[in-house]
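Notes follow the structure.
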Amino acid sequence: MSASVRRTSRLRRALLVLVLCAVGSSAASAQLGAVIRGVVRDSAGHPVPGVDLGVAGAAVRTHSDDKGEYRIAGVIPGPATLVARRIGFKPHSQNIQLRGGLEYTVDITLVAAAEVLEAVNVTAPHQVYEARLAGFNARMQKKVGHFVTRERIDRANSTTLSDMLREIPGVKIGPMRNEGRAIRLRGSTCPPLVFVDGFPATAGEFDVDIIDLQSVEGIEVYAGLGTIPPEFTGPRELDRCGVIAIWSRPSRDRRQAAFRAEARMDSVRLSELSSALTHDEVDLAARLDTASPGPRYPDSLFRARVPGQVVVEFVVDSAGMVEAATIDVLASSHPLFTASVREALLSAHFYPAWAKGRRVRQFVQLPFSFVPDEESPKRPPE
């Protein structure tokens with residue numbers, strides 16, 4: 001065999017090896033599968049959590065997280081259709097050409113199927129807690145004594161009022177002779193004078209745990225005689241061992257207890273939503289009653305002039321009330337804003353939607369914007 005023939009033969013073998021390697025590499029890449037990732041947002045640019053995402057005809061699927069982010073791995077290479085679905089939004093599909101072993105970024109914008117109502121602007125703490133709490137707020141600004149706000153109670157893990165008081169410096173909790181908890185303030189051997197909603201509760205030992213912590217709006221504690229405000233001065237020097245003032249929350253709509261119980265039934269939410277109409281299916285859309293009380297601006301965030309936004313979706317029933325089991329938060333900048341909006345929705349009133357001459361249930365989205373008063377003094381949040 002001549003040298004030229006041998007060279008040609010070696011060249012052919014080398015080319016064959018390269019082809020086989022390329023085919024093997026391609027097959028290996030195909031076996032690896034492709035990865036699709038991205039962020040799901042609504043038309044306003046807010047991330048949308050809880051979106052069901054998958055590839056048509058394939059078993060792989062996932063859900064977007066609280067930031068709207070998702071990741072689907074192991075997708076078969078080739079032409080694919082990415083599908084995104086979420087109640088309250090129109091279904092979204094997108095065709096993609098995939099190659100094995102590669103990662104693709106596909107951001108998605110969903111269009112709301114629910115009607116987006118005009119945003120509710122919250123500029124100051126809503127005064128729904130009656131004039132009787134004006135003194136509590138004024139004394140808290142002076143920073144004399146120790147104060148516990150509703151926000152602090154919500155953040156704590158305490159289940160009883162005595163547990164909440166235990167967190168205050170100088171407060172000691174011990175057993176009573178019979179039952180309950182005896183409270184002593186710093187340096188005192190006798191019980192403090194307890195006020196409930198501005199009135200002395202008793203002249204002796206008072207078991208604070210008979211008061212449901214969830215019914216408390218605020219607490220004031222004054223350990224020294226020199227710090228006790230004039231309105232809490234007790235007869236016969238009963239305040240010599242300090243004062244504890246407890247303020248109850250305002251009365252709530254009776255419907256709220258039922259709403260809270262209904263809100264726990266997450267399993268019924270999908271069926272409740274699916275049977276409600278969208279804005280393009282009604283003749284007259286649901287509208288918020290402007291006389292309905294709005295959310296409170298959380299005190300700590302208001303004092304720190306922290307702005308925020310919450311976007312919620314829910315069903316307005318035929319009576320104009322919010323169905324609590326359908327409430328879902330699409331976006332929120334702070335948990336305290338979320339809690340405030342949820343509570344406001346429980347007593348909110350809407351003008352219900354109409355279709356074919358009767359009132360109907362309608363699915364809506366409602367954004368809330370929290371913008372602090374520019375004249376408010378800036379203080380760090382508690």
Reported set for segment 279-311 where residues are within 16 Å of PRO367 (Cα to Cα) and acidic (Asp, Glu) is ASP289
In segment 40-97, the residues that are free of Cβ contacts under 8 Å to residues at least 24 places away in the same chain and of a type in the set (Val, Ile, Thr): VAL60, THR62
Conditions (1) buried (at least 17 other Cβ atoms within 10 Å of the Cβ); (2) modelled with pLDDT of 85 or more; (3) within 27 Å of ILE36 (Cβ to Cβ); (4) not charged (D, E, K, R) -> ALA114 fails only (2)
Restricting attention to segment 137-155, which residues are hydrophobic (A, V, I, L, M, F, W, C) and either under 13 Å from ALA245 (Cα atoms) or out of contact with any Pro (no Cβ under 8 Å at 6 or more places or on another chain) (or both)? ALA138, MET140, PHE147, VAL148, ILE153
Kindly provide the set of residues from segment 351-371 that are in contact with a strand residue (DSSP E or B) (Cβ under 9 Å, 6 or more places away or on another chain) and surrounded by fewer than 22 Cβ atoms within 10 Å (Cβ to Cβ), ordered by number. TYR351, PRO352, TRP354, ALA355, ARG359, VAL360, ARG361, GLN365, PRO367, SER369, VAL371
Filter result for ARG305 (open to solvent by 30 Å² or more (accessible area, probe 1.4 Å), in contact with a His (Cβ under 9 Å, 6 or more places away or on another chain), charged (D, E, K, R) and touching a residue at least 12 places away in the same chain (Cβ under 8 Å)): no
Take the conditions of a type in the set (D, E, K, R) and open to solvent by less than 40 Å² (accessible area, probe 1.4 Å) and apply them to ASP289. Does it pass? yes
By residue number, the members of segment 63-83 that are aliphatic (A, V, I, L, M) and open to solvent by 80 Å² or more (accessible area, probe 1.4 Å) are ILE76
So if I check each of VAL329, VAL310, which one is among the aliphatic types (A, V, I, L, M) and either on the phi > 0 side of the Ramachandran plot or open to solvent by 10 Å² or more (accessible area, probe 1.4 Å) (or both)? VAL329
How many residues of segment 84-104 are crowded, with 17+ Cβ neighbours inside 10 Å and either closer than 25 Å to LEU330 by Cα or not small (Gly, Ala, Ser) (or both)? The answer is 8
Here is a check on your reading of the model: is ALA348 crowded, with 21+ Cβ neighbours inside 10 Å, in contact with a Ser or Thr (Cβ under 8 Å, 6 or more places away or on another chain) and farther than 18 Å from ALA113 by Cβ? yes
Pairing a residue in segment 208-237 that is of a type in the set (A, V, I, L, M) with any residue that is at pLDDT below 85 and not in a loop (DSSP other than H, G, I, E, B), where Cβ atoms lie under 6 Å and the two sit 6 or more apart in sequence or on different chains, gives ILE228/ASP239
With ALA339, ALA348 as the choices, which residue is over 14 Å from the mean Cα position of the chain (by Cα) and either modelled with pLDDT of 85 or more or hydrophobic (A, V, I, L, M, F, W, C) (or both)? ALA348
Give me a count of the residues in segment 139-153 that are surrounded by fewer than 17 Cβ atoms within 10 Å (Cβ to Cβ) and either in contact with a strand residue (DSSP E or B) (Cβ under 6 Å, 6 or more places away or on another chain) or not in a loop (DSSP other than H, G, I, E, B) (or both). 2
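The values are calculated or read from the model by the stated rules, or taken from the named source; none is laboratory data. This one's a predicted model, so the numbers in the text were calculated from it and none came from an experiment. Counting neighbours? That spans all protein chains shown, and the Cβs are built from the backbone with ideal geometry, glycine included. Surface areas here come from the heavy atoms of the whole protein model, side chains and all, with no ligands, DNA or RNA. Shrake-Rupley method; radii C 1.70, N 1.55, O 1.52, S 1.80 Å.
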